[in-house]
Structure formats: structure tokens, C-alpha cells
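Here the structure comes first, spelled out in C-alpha cells, and everything after it is commentary.
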Amino acid sequence: MLLTTNMLSKYALLATSMMLIFWLLPGASAASDAKRGITADDLLAIRDIKTVAISPDGNHVAFQVFQAIRDRNDYDIGWYVAPITSNAEPMRVADGGDAVLPPYQNGLRVGEFYGDDAVWSPDSRSFAYTLKKNGEVQIWRSQFDRSGQVQLTHNAGNVEGPKYSEDGSQLFFAVGRDRSDIEHANQRDAARGYLVQEPGVFDIEQGPLWPSCSDGQTRQRSEINERRFCRLTVWVLDIQTGVERKADAGETKAYFAAPDMSSHARFERGKLKDQGRIMETASPDGMRSTWFENEDPAIYTGYYPPMRVAASVGNKIFHCPADACLSTRPEKLWWRVDGAEVIFLVRNGPRETLTSLYGWTPGDNHVRTILSSDDTLQHCSMAGDRLICGHESWTSPLKIVSVDLHDGAITTIADMNPEFRNFSFTKVEK
């Protein structure tokens, strides 16, 4: 067979592409220890970690990974599980389905993914998550130690926010309008035109304040606005029988009262106006509580008011007096396992560019600095005497790490972008 110059060039390009793809796979070895500059293709191929969920026993972490596939003009989305040990080898256990773009409050989808909802079963043997496939969002389940997935819900509407009952026998979730109703409304309005306006107010505690949008009223209709302006209904799945039913009034109230019941709630957290007390968290024994509180609701009546850490111990309420306890960008707080110390994460420093983690014992006038860094911590959950978080620096994409709550030491658990260790960077300046 005669090989022309053009054919040789094509084979060389194919071979190079295959080597690059292999090299970019997690755990693949670099062909050389020599470092090189980063390229646009390297940035495009980043495996971006989104949702992170810790098993109740603190032994495993499940997380969702997005990666752009240029040749397909699409994304590869997968669910991984890794043991919470240093430099663990993550296992891909499930396909992540199709990408779902959540809307901003003005209804626009801007192309940024926030990850799907995930929750572990109380026995830590499996986790349930929302997944979009064939045009519908349902709840699926995977085991932590094997590949494969099972569809749990078969609802006529798109679902979100799965939450297990304490004994693991039931799964609660929220549902919007039936997909067929939305499609019929969109077709009808496409024929007669759209009313463009911004009606309604959103209340994160109760869901959108409009009554049910299945009442036949004429409004701007779209999947986005159905999610924003139509009250969600709560459903209950019996795990053993597979029967789905609408929740009663008590179950519905308890569902919406739970913190961070969905990715939409996580996105909107802290953005509401005139917040008095947010992110209230009970100690492991349920005897104490901690929260962020508006420094002065009479003065700070706008968005992002300065919030101060507070706690209740017995019949007494303590407000942390230290400067570090006040922030307009509170992230999250937890109790230590023994219930004696509050751990809280905030954004502070010049123009809130620092991620800072502190410890405070209610009644003390000072706080303990665990770490403060230009790096970011997100998706954090408590696991014994450490936090399991996503950690990102200026020259390293998000990886799963553990943070020692004694000294702030950071240990890598799962690095989905190991090739970044072989890139050279110019000096990074703030």
C-alpha cells in the first residue's frame, strides 16, 4: 500500500490524538516527566466535579463529574464513588444522563452546571440521585461498590430533591407539572404568542408562591417558568413496593423545612432579602443548635446582609463576638462530633476573596483559625474530625480532599485531573 504525505500526516495526527486521550484518563501515566505549558484543549478537557455527597458512615464519597467532549459537541457525565482515604482510586458507578441547566431568577439558562441532587441511604450501601434521560428527570439509585443503576421513580413530572426517611424505607421528592401538560401549553402559546413579564416572588422555604399552574391561567409558559412560578408538590416513594403517592400536609411541611433540599435551594441560599436566621444546624445529639443571623435586621434590609454566627446551648443563646464571625458571604456551619465546638466556613478578606474556616466554642470571645486561603473549598460535609470538600486552586481544578479540623492540613482523596501536575504555569498573582 502506497502512503502519501497527506495520509502519513493523518495517521500521525490520529496517533497523537489517541495518545493524548489515553494520557488524559484518570490514573494514566504521563509519557514524560518534563512539564509543558497548558493549552486551550487541556482546559476544555477538565473533569469538573459538581455534586459531592458523603455516606452517613463517613467511609465513602459520591460525586458527579462533567467533562466536555469536543468531537461530539457534548458532555460526558458520570457518578463516581471513592473511599475516604488518601489518593483513593475513584470508581465510576453510573452514567449521569443528560446535562440539566438550572435557570437564574430571571429565567435565563446561562450554560453553567450546578450538579444533580444526590442523597445516601441511611445504611450507606447506596445513593439516590436525579438523572435526566429521554427528556425526563427521575430518581435513580446506584450501589457504592459496583457499577450499574436502577430507576426508582416513574413520575409524570420532572423530580428533584430526593430525601430518605430515617429508616430508609421511603424516599421523598418534589415534582413540578406533568411534562405532557408543559408541552401542550408550550405548543398552544407558540401558536398564539407569548406574554413577556416577570411576575411572582420566590420563597425558598415554601417554593414558588404562585398557586398550581395547572389551573388553566394564561401566563408565559415554559419549562423554566413552570419551575420558577408553579408550586412544587411533594411525593413519597415506598422503596420496597415501588409505589409513588402524593405526600400529606405534614410530610410536605417537613420536606420543605429540611435544609438544602435541592440543588435549586443550594443555588439560592443566602440570596434572599432580610434573612434573620439561616442554615440552622443541630448538634449530633440534637441538644444544641447553631446558625448565621442578620447582624441587625432593622438596618441591613437589603440583599447579602452581614451575618453573625450564633448558637443555643441549653436555654442560653450566644453570639460570637469575634470579627471573624461576621460575614456577608456565609457558606456553611457544622458541630464537631462531641458537640462542643462550632465549625464554620465563610468568604472574607479583601473583596471576600479568601476562603476561611474557623472553630468557635459558644461562650468564648475568640475563634480558632483552622485555615484561610486564596484557594476555594466547596461541597463540604463533616466526617468525624475532618471535613470532606472540593478544593480548587488557581492552577489545579477541583479535587476531593479532607481537611483536618485540628491544624487545617489538606489531604487529597480523589484527583480527577492528574495531568495538571505535569503542566508548567507562569507566576500567579492576585
May I ask you to rank 371, 333 by accessible area, largest first, using a 1.4 Å probe over the protein chains only?
371, 333
Length gain on complete extension for the stretch residue 421 to residue 43, per 0.36 nm per residue less the alpha carbon to alpha carbon distance?
134.7 nm
Quick one: which of 133/332; 163/332; 163/316 span more than 22 angstrom between C-alpha atoms?
133/332; 163/316
Simple SL model, points at 7 angstrom along Cα→Cβ for residue 89 and residue 282; separation in nm is 4.1 nm
Please give the solvent-accessible surface of residue 165 in Å², to the nearest 10, using a probe radius of 1.4 Å with every protein chain present.
20 Å²
Could you report the accessible area of residue 360 in Å², rounded to 10, computed with a 1.4 Å probe on the protein chains as they sit in the structure?
0 Å²
Please find the FRET efficiency linking residue 257 to residue 34, where r is the Cβ-Cβ separation and R0 is fixed at 60 Å, and quote it to the nearest 0.05.
0.60
If the chain between residue 133 and residue 166 were fully extended at 0.36 nm per residue, the gain over the current Cα-Cα distance would be 9.0 nm
Can you compute the modelled spin-label distance between residue 71 and residue 406, with each label point 7 Å from Cα toward Cβ, in nm?
4.9 nm
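Given the Cα-Cα distance of residue 395 and residue 99 and 0.36 nm per residue of separation, how much length would full extension add, in nm?
Values: separation 296, 0.36 × 296 = 106.56 nm, distance 2.60 nm.
Between residue 395 and residue 99, full extension yields an extra 104.0 nm.
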Tell me, what is the FRET efficiency for residue 180 and residue 114 to the nearest 0.05, using R0 = 30 angstrom and their Cβ-Cβ distance as r?
0.70
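The values are calculated or read from the model by the stated rules, or taken from the named source; none is laboratory data. This structure is a prediction, so every number in the text was calculated from the model and none was measured. Cβ coordinates were reconstructed from backbone atoms using ideal geometry, including for glycine residues, and neighbour counts include every protein chain displayed. These area figures cover heavy atoms from the full protein model, side chains too; ligands, DNA and RNA do not enter into them. Shrake-Rupley method; radii C 1.70, N 1.55, O 1.52, S 1.80 Å.
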